[in-house]
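Input: one structure, supplied below.
Coordinate-derived values only; no laboratory data. On a predicted model such as this, the values are computed, not experimentally measured, just so you know. Please note: Cβ atoms are built from the backbone with ideal geometry, for glycine as well, and neighbour counts cover all protein chains shown.
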Ligand code: TRP
């Protein structure tokens with residue numbers, strides 16, 4: 001009896017000792033499954049549209065080139081919020097409390113969500129159109145803090161100049177975008193200043209989710225000569241629907257990104273998102289090697305090219321000037 005009791009208190013002591021060791025070595029938290037030296041990377045993406053998927057794949061490919069391979073020395077935990085802001089919150093909270101070494105946020109809404117959750121874990125954002133206006137960083141050079149990344153700032157002025165060369169007769173332009181996406185707001189502001197300089201009228205149709213896009217596009221058809229959609233994640237996710245509406249109404253759709261042209265838009269002046277993803281991957285590699293994110297300047301991809309969808313042009317009866325065609329990437 002006595003012996004048994006002593007045995008019991010001995011094993012209790014052992015359990016306590018074991019718990020103390022676990023707490024001290026950090027084994028009690030979520031990193032319990034991590035093998036030593038394996039860095040944990042969370043990737044958060046607002047939605048799965050073609051451009052964002054291209055970016056993610058390029059980031060992962062570049063990380064591998066930098067010597068960081070998923071399943072070997074890094075462990076990538078990828079989540080899409082499927083366009084739902086409440087999912088963004090859940091995912092970013094999980095990343096912020098889960099002992100991650102690095103968080104990569106693709107597109108502005110995802111970056112805003114994670115930046116709101118942690119000031120400690122390094123965050124690299126990718127393809128954020130207006131990093132300062134969206135509250136991600138205070139400045140682009142050596143931003144300080146735990147956040148840096150890449151920007152796809154596009155020029156509405158450039159896209160609209162191209163539009164005026166392709167369809168010089170347009171007078172009224174429909175702006176189709178999600179009013180809650182700060183990345184779109186920045187471009188629409190520029191669209192409006194272009195319009196007022198050139199005597200064009202802008203009619204706005206804003207949406208708050210993908211399900212509203214078709215109706216919003218339809219509402220513009222009788223009022224405008226062309227539709228303009230910035231690098232908007234919500235519209236990009238429903239781009240084939242917009243293209244259908246515009247095709248039937250024989251309206252040109254000018255957009256902010258190559259993938260939106262591929263999905264049926266008429267034209268853009270845009271960046272190469274594969275290249276943007278590669279640059280993001282390089283930054284992620286630097287941070288994993290110990291560089292402080294606050295000391296890496298935000299990189300804006302400046303090299304823009306013309307993208308044209310020839311099939312769309314034929315379907316809506318628009319002839320693309322030969323000099324533009326000669327310069328363009330064609331879908
Ligand atoms: N620039 C967008 C943002 O800041 C993200 C984005 C990247 C995007 N490529 C795109 C949006 C293509 C629409 C289409 O959130």
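Based on alpha-carbon atoms only, what is the radius of gyration of segment 219-306 relative to the globular estimate 2.2 N^0.38 Å? Walk me through the intermediate numbers first.
Details: Rg = 17.3 Å, N = 88, 2.2 N^0.38 = 12.1 Å.
Against the compact-globule rule of thumb, the ratio is 1.43.
Determine the relative contact order of segment 234-282: mean sequence separation of Cα pairs under 8 Å and six or more apart, normalised by residue count, in whole percent.
Numbers: 44 pairs, mean separation 14.4, N = 49.
Computed over segment 234-282, the figure is 29 percent.
What whole number of Å gives the distance from the Cα centroid of segment 66-83 to the Cα centroid of segment 117-133?
That distance is 17 Å.
Which ordering of 227, 104, 324 is given by a fewest-first count of other beta-carbon atoms within 10 Å? Intermediate results must be reported in sequence, preceding the final value.
On the way: 227 28, 104 32, 324 14.
If I rank by nearby Cβ atoms, fewest first, I get 324, 227, 104.
Still on this model: How big is the Kirkwood radius of segment 69-135, worked out from every pair of different alpha carbons and given in Å to one decimal?
Details: mean 1/r = 0.0808 Å⁻¹.
This gives a value of 12.4 Å.
In cubic angstrom, how much convex hull volume per residue do the alpha carbon atoms of the chain span?
Taking the convex hull of the Cα positions in the chain, it is 144 Å³ per residue.
Listing 79, 49 from the residue with the fewest other Cβ atoms within 10 Å to the one with the most, what is the order? Please list the in-between numbers first.
Details: 79 17, 49 23.
Ordered by Cβ neighbours within 10 Å, fewest first: 79, 49.
A further question follows. Hey, in the GNM for the chain with a 10 angstrom Cα cutoff, which one of 75, 169, 157 fluctuates hardest?
Largest GNM mean-square fluctuation: 169.
Is it possible to state the helix-based mean residue ellipticity at 222 nm for the chain, with each DSSP H run of 4+ residues giving -39500 (n - 2.57), the sum divided by total residues, to the nearest 500 deg cm²/dmol? What is it?
Details: 13 runs with 148 residues, N = 331.
Roughly -13500 deg cm²/dmol at 222 nm, from the helical runs in the chain.
Relative contact order for segment 78-203 using alpha-carbon pairs under 8 Å, separation at least 6, rounded to a whole percent?
On the way: 161 pairs, mean separation 24.9, N = 126.
Value for segment 78-203: 20 percent.
Given a cut-off of under 8 Å on Cα pairs at least six residues apart, what relative contact order in percent is computed for the chain?
Working: 654 pairs, mean separation 62.9, N = 331.
With pairs under 8 Å counted, the relative contact order is 19 percent.
Running a GNM on the chain with Cα contacts under 10 Å, which residue among 286, 62, 112 ends up with the highest mean-square fluctuation?
Ranking 286, 62, 112 by mean-square fluctuation puts 286 first.
If you don't mind, there's one more thing I want to ask. From Cα coordinates alone, what are the radius of gyration and Dmax values for segment 173-331 in angstrom?
Here Rg and the maximum Cα pair distance are 17.2, 56 Å.
In addition: With each pseudo-label sitting 7 Å past Cα toward Cβ, what's the residue 64-residue 189 distance in nm, one decimal?
Simple spin-label model gives 4.0 nm for this pair.
Here is a follow-up. Just the number, please: percent antiparallel of the DSSP beta bridges in the chain, rounded to the nearest 5.
Values: 4 of 42 bridges.
So the antiparallel bridges amount to about 10 percent of the total.
Round to a whole angstrom and tell me the spacing of the C-alpha centers of segment 141-165 and segment 214-248.
Taking the Cα centre of segment 214-248 as reference, the centre of segment 141-165 is 22 Å away.
With springs only between Cα atoms under 10 Å, which of 312, 201, 54 fluctuates most in a Gaussian network model of the chain?
201
Could you give the distance between the Cα centres of segment 250-269 and segment 174-189, to the whole Å?
16
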